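Written below as structure tokens is the structure these notes are about.
The values are calculated or read from the model by the stated rules, or taken from the named source; none is laboratory data. These figures come from a predicted structure and were not determined experimentally. Neighbour counts are summed over all protein chains in view; Cβ atoms, including those assigned to glycine, are modelled from backbone coordinates with ideal geometry. For accessibility, only protein heavy atoms count, side chains too; no ligands or nucleic acids. Shrake-Rupley method; radii C 1.70, N 1.55, O 1.52, S 1.80 Å.
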Amino acid sequence: MRFKRAVPLLAALFFATVRASASLAGAVTDYRLDNGLQIVVIEDHRAPVVVQMLWYRAGAADEPPGKSGIAHFFEHLMFKATDDMEAGEFSEAVAANGGSDNAFTSQDYTAYYQRIAADRLELVMRMEADRMRDLLLTSDDIATEREVILEERAQRTDTDPGALAGEQMMATLYMNHPYRIPVIGWRHEVERLGREDALAFYRRYYAPDNAVLVVAGDVVPEEVLELARKYYGPLPPTGGLKARIRPSEPPHLAPRRLTFTDPRVSQPYIRRLYLAPERNHGAQKEAAALTYLAEILGGTGATSVLGRALQFDRQIAVYADAGYSAISLDPDTFGLIVVPVPGVSLQEAEEALDATIARFLQEGVDQDQFDRIRMQIRASEIYALDDVQGIARRYGAALTSGLTIEDVQDWPEVLQSVTPQEVVAAARRLFDANRSVTGWVMPAGEGDSAEVAR
């Protein structure tokens, strides 16, 4: 009884910590320059450090047909020479001032960032603004970096059967939407990318009216705005940029399946992907429910629905998990994976997976598990506030994926408002076989597949 009486007290202390920790994240200020650049300043004065992140609303799903990989290709090219800097000078200057920098590309955005002492913000802002519009590209730059990217694809994809299987599954799940195309691009198209392709992409998308500048750390908003006006303000916009309307998916009328065999596969497994809704402006509840669903089904093996049923109760799997990422401009995926123990066929493992999902939909969510996950999600939101770069990334990814500052700030409370009934309802809408692809990934050759799947 003492423990039960202590629970409300512990919860009260925990939520007080939530409110106190949330205040440490500091104020968020939003500006927009005359040339269209959106500026988001996040104050965090706990350390004399600043992160500058420049996000472009241009990712792999925005590439022209036949030019797959150009968004990622251009991410590499942005470290070449400008009219004021030599190739490589940008990163060398950041490192010489004790900072770090890098970049990344997704389906929906490309982002560049520097983490550096707060009194060096002007340096990195000047250099980042310089390469937004004044990049110089030679034919040698194109040829050299194209080979780098082809080697990157060889190392990360072509030699990884799991990555190859994933490409095939995405291309099978999406019939029309460009999410079916890998971010790194198809090899045969990357091999043909040239200087004019790169310059056309650069001129269209790398402009202040297609970008979001996020500055987080030990800064004063008015001073950041003054610097941004000085360095980004004079840059001309592209003008005439239209809304990002991609090809949409037609109705999915049948389940899809594929078998991927590769002698390099060390352990056969089943992977299934469902089309899943993304977070939308002012309507984040469905995505929040799916965030819970991924934790309930996957999460920790010893406590998750799939883990308990397949790894511990029946002991037919060495691993089972579920995954969902809520941030994307268009509908994304919810994934399931089961790796059976030796001697259990993929057919048996898939039947067990289906039976477990069906039982979950019938029985619903265990309340104790739900309460525990709710607390874990709330804790993760607190811990995220300790990482100034992570905070900046949250805002940048959201703002380039159709969300607003208010949506980002509302997300923790939206998560806490989800009920077990809403999770089950979201699961029922999600688990439509016609909107799925199931993949069997096997080490055996075609002649042995029947034995593996007996």
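Provide the FRET efficiency to the nearest 0.05 for the N434-Q155 pair, computing r from the beta carbons and using R0 = 51 Å. Efficiency, rounded to the nearest 0.05: 0.90. For the peptides 271-277, 374-380, 160-166, residues were scored by their other Cβ atoms within 10 Å and the scores averaged per peptide; the highest-first order is 271-277, 160-166, 374-380.
Sorting D130, D354 by accessible area puts them as D354, D130; the probe is 1.4 Å, largest comes first, and only protein heavy atoms count. A Stokes-Einstein calculation at 25 °C with viscosity 0.890 mPa s, built on the Kirkwood radius of the chain over Cα pairs, returns a diffusion coefficient of 102 µm²/s.
When only alpha carbons of the range 298-430 are considered, Rg and Dmax amount to 17.1, 51 Å. Ligands, DNA and RNA aside, W440 has an accessible area near 30 Å² when probed at 1.4 Å.
Across S248, S417, S436, the residue with the most accessible area heads the list, and the full order at a 1.4 Å probe is S248, S417, S436.
Using just the C-alpha positions of the range 274-365 as equal point scatterers, what log10 of I(q)/I(0) does the Debye formula give at each q in 0.10, 0.21, 0.23 1/Å? Log10 I(q)/I(0), no solvent term: -0.28, -0.98, -1.09. Run the 1.4 Å probe and let me know the accessible area of V215, rounded to the nearest 10 Å². Accessible area of V215: about 0 Å².
What accessible area per residue comes out for the range 283-434, rounded to a whole number of Å², with a 1.4 Å probe? With all protein chains present, the range 283-434 gives 41 Å² per residue. Only protein heavy atoms count here; under a 1.4 Å probe, L253 has an accessible surface of about 150 Å².
Summed over the residues of the range 150-264 and divided among them, the accessible surface reaches 50 Å² per residue at a probe radius of 1.4 Å.
Taking only protein heavy atoms and a 1.4 Å probe, the accessible area of the range 273-323 is 49% carbon and sulfur. Based on the Kirkwood approach, the hydrodynamic radius assigned to the range 171-254 is 16.9 Å, with every pair of different Cα atoms included. Here the accessible area of the range 58-202 is 47 percent carbon and sulfur, with a 1.4 angstrom probe and all protein chains present.
A P(r) calculated from all alpha carbon pairs of the range 150-297, with 10 Å bins opening at zero, reads 8, 21, 29, 26, 13, 3 percent.
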